[in-house]
Amino acid sequence: MQSRGLTIRQGRRARLRAARPGETTGCIGYRATVHHGQYQQISTTSRRRFTRLVVLTVAATVALAGCAAPEPAPEKEPPPPTTLTLGVVGTPTSFNSATAHGATAANRAVSALLDERLGSLDGDLQVVPNNGLGRITRIEGDPLTVSYELFADRVWSDGTPITLDDLMFGWAVSSHYFDDATYDETGAVVAGTRYFESATPPDPNARTSRPTMDRTADTLTLTYDEPFADWNRQWLLDRPVHVVAAKAGVTVKDLMTAILTTPAGDPTAPVEPNPVLAAAAAAWNTGFDASVDGTFDVSAAVVSGPWTVAEATGSAISLARRDNYQGGHYPALESMTIRFFPDRAAQVAAVAAGEVDVANIGDPDAEELKTLADAGVTVTTGPTAQTMQVRFADTTSDELRRAVSLALDRGAIVEEAVGEVRPDARPLQSFLSSPATGSTYQELTSGNGAPGTGSDVGAARAALDDRPAVLRVAHDPADPVSASVFAQMVTMGAEAGIAVRAAAENEIPDATLAWIGEDESLYRSARDRLAEGVTTADAEETFAEMTRDTDPVDVLAGAREIDRALFAAYAGIPLLERTGAVAVANGVGGVTYTSEPDGVPPAFWTWTPPAS
């Protein structure tokens, strides 16, 4: 006998076949059927009757054999949903982390999981294009022309298509194209209108004309007034324009008309604000915030990423994987919980207790690292983009700058300050970047004029002609790293005849020892350092050229020359970078280190829970 589908081809044929869905058979899935059709002639009528009887008997026997009721298989319980808990310090206050008041570490952590754009930063703070949503392309270098393309079938979490209107609205927010405000020395508006209260001020080097849209090709094109180094970091996608319009009490069509027709703002000739833009700006500025009592409107969390917000409070936000996501970051997890803690100590305690699976625990001390290790938690430490530098005042003499730079053993300072928690830390060799940026830092510091890391006491004394000197330093004695570095500066300076002491409140310090927020962008780091007074004429000239470089290779070369000019002039002393740490519970996979202070570790879509 063959398997199912057997046909006995004598007389009338009987076939066993699998029962169709919904068919009642009275047995376990097979049914005997008799087919009327051609049959083979044997010899006599009696033989035909005998054969027919045999066929029916066999078929009936086979059919009845399957009708014995088997023991029902036990029902398998569905596996528990795959989930992890992320621990974050702070309290969430808004689903819009781009506003001036919403740009907190807690809100940025939520945004990192919910808001997908045309690019992101990896663990080394380098740009990673989002090829699952669209693409950004530099079409021409001068005039700098950049196109933004959205892929078809990409939708917001409420099912509304992501369109060029969303990109156009994002440009209106980030460009401040329509603002005609003037400000006082404190930054307060004294005349005119500032529409969108964004955390990041407009960059004067990033001015563009009004974008053009090709709806057939799903492409928006930006043309810059001047070439701009950071063109590939302008990702545009912001809050969904249809939600903003609804909150503003206008239609998307009316809002797009306002963006496409309202003249550019002119602070020298302010006009009455456009009512549609003003309403949209008010909705963007505060419409995604929690209420005064901390309650969130979950329906406002319409997002472009692969999660939806299931529940949100001031202590936890629950995320669920969404089925209509079509991008390239579909999570391996089915859900995730973000828990919020009042301080770092509470966060670390929750990780050690097994209540949190993943956490950026900031700058841990040795005791915290031991506690986590004893609990079976894996902690990866590394550099961040926050660096500690000595900055000399404009009034500090060249001789004293040179002498202090030569007197300090930067290798010993780093080992004493952070060696216990990060044994592989080395002295910082750039004013503009840090090891947090990975290969970018390595390429930058190759030939940028950075000095050696040890001290040369004899050369330091010679720079002062063996005359005693005093260096008054402003620093934060409450910061453990700052206090450690300052104490070593006192000791090392004394060996070179330099009396290093803390600057009194009524004194102008000769130098400042402080943490500096380096940027992942070399262009922005150079801009900020020069604006803060760490500068020379050569550095300013190089930066003016660097702002117009649109090729990353040229930007890197410009940054290297700025470093060289600052080191040659003893403009300051780069020392070290703040330590970061990412804690991961035993068995959790896919989590890697991030150099972003308080940032969510990258590529959350690769995270996996412990094997059950």
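The values are calculated or read from the model by the stated rules, or taken from the named source; none is laboratory data. Just so it is clear, the model here is predicted, and its values are computed rather than measured. Glycine gets a Cβ as well: all are built from the backbone with ideal geometry, and neighbour counts include every protein chain shown. The accessibility values were calculated without ligands, DNA or RNA, using every heavy atom of the protein model including side chains. Shrake-Rupley method; radii C 1.70, N 1.55, O 1.52, S 1.80 Å.
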- request: Just the Kirkwood number for the range 547-590, please: inverse of mean 1/r across all distinct Cα pairs, in Å, one decimal.
  value: 14.3 Å
statement: Gyration tensor on Cα atoms of the range 233-277, a ≥ b ≥ c root eigenvalues, a/c under 1.5 rounded, else prolate if a/b beats b/c, else oblate, says oblate
statement: Rounded to whole angstrom, the alpha-carbon centroid of the range 384-461 lies from that of the range 197-270 at a distance of 41 Å
task: For the range 438-482, divide the Cα radius of gyration by the Kirkwood radius and give the resulting Rg/Rh value with two decimals.
output: 1.13
- request: Mind ranking 306-312, 181-187 by how tightly packed they are, going by the mean number of other C-beta atoms within 10 angstrom, highest first?
  value: 306-312, 181-187
message: Per residue of the range 443-457, what does 6.51 cos²θ - 1.76 cosθ + 1.60 with θ = phi - 60° give for ³J(HN,Hα)? Whole Hz please, x for Gly and Pro, Karplus curve as stated.
response: 5, 5, 7, 8, x, 9, x, 5, x, x, 9, x, 10, 9, 5
query: Residues with beta-carbon under 12 Å from that of Gly134, excluding Gly134: net charge, scoring Lys, Arg +1 and Asp, Glu -1?
result: -2
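Using a cut-off of 9 Å between beta-carbons, work out the net charge of the residues near Pro143 (Lys and Arg +1, Asp and Glu -1, Pro143 not included).
Numbers: positive: none; negative: Glu140, Asp142, Asp225, Glu226.
Residues close to Pro143 contribute a combined charge of -4.
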task: Before anything else, pin down the relative contact order of the range 117-301: Cα pairs under 8 Å, at least 6 apart, normalised by residue count, whole percent.
output: 24 percent
For the range 197-203, 3J(HN,Hα) per residue [Karplus equation, 6.51 cos²θ - 1.76 cosθ + 1.60, θ = phi - 60°, Hz, x = Gly/Pro]: 7, 7, 5, 9, x, x, 8
query: Can you list residues whose amide H is under 5 Å from Glu577's amide H, if they're 5+ apart or on another chain and H is modeled 1.01 Å from N?
result: Met388
message: Keeping every protein chain present and rolling a 1.4 Å probe, give me the accessible area per residue for the range 117-301 in Å².
response: 45 Å²
field: Dipole of the chain, positive end: most advanced residue of Ala206, Val276, Val421 [Cβ charges, Cα centre]
entry: Val276
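Determine the dipole magnitude for the range 384-578: charges of +1 sit on the beta-carbon of Lys and Arg, -1 on that of Asp and Glu, nothing else is charged, the reference point is the Cα centre, and the result goes in debye to the nearest 20.
Charge dipole, the range 384-578, about its Cα centre: 320 debye, nearest 20.
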statement: Scoring the range 452-537 by relative contact order with C-alpha pairs under 8 Å, at least six apart, yields a percentage of 31 percent
field: Cut-off under 5 Å, modelled amide H: who pairs with Ser94 long-range
entry: Ala290
Net dipole in debye of the range 117-301 [+1 Lys, Arg Cβ; -1 Asp, Glu Cβ; about Cα centre; nearest 20]: 440 debye
- line: Classified through the alpha carbon gyration tensor (a ≥ b ≥ c as square roots of its eigenvalues; rounded if a/c is under 1.5, else prolate when a/b is larger than b/c, else oblate), the range 466-508 comes out oblate
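When a/c is below 1.5 the answer is rounded, else prolate if a/b is larger than b/c, else oblate, so apply that to the range 470-612 with a ≥ b ≥ c taken from the square roots of the Cα gyration tensor eigenvalues.
Cα axes put the range 470-612 in the oblate bin.
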Probe 1.4 Å, accessible area per residue of the range 384-578, Å²: 43 Å²
Cut-off 12 Å between beta-carbons: net charge of the residues surrounding Gly438, Lys and Arg +1, Asp and Glu -1: -4
message: Computing the accessible area with a 1.4 Å probe over protein heavy atoms, can you report the carbon and sulfur percentage for the chain?
response: 52 percent
statement: Taking only the Cα positions of the range 117-301, the convex hull volume per residue in Å³ is 158 Å³
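Within the chain, which whole H helices from DSSP have a Cα span along their axis of at least 20 Å and a mean Kyte-Doolittle hydropathy of 0.0 or more, if any?
Correct list, ordered by number: 45-65, 480-495, 552-568.
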query: Taking the Cα centre of the chain as the origin, how large is its charge dipole in debye, to the nearest 20, when only Lys and Arg (+1) and Asp and Glu (-1) carry charge on their Cβ atoms?
result: 5740 debye
message: Let me check against my output: what whole-number percent is the relative contact order of the chain, with C-alpha pairs under 8 Å and at least 6 apart?
response: 17 percent
statement: Sorted by chain and number, the residues with a modelled amide H under 5 Å from that of Thr99, at a separation of 5 or more or across chains, are Ala199
- prompt: Seen from all sides and averaged, what is the projected area of the convex hull of the Cα atoms in the range 384-578, in nm²?
  reply: 10.4 nm²
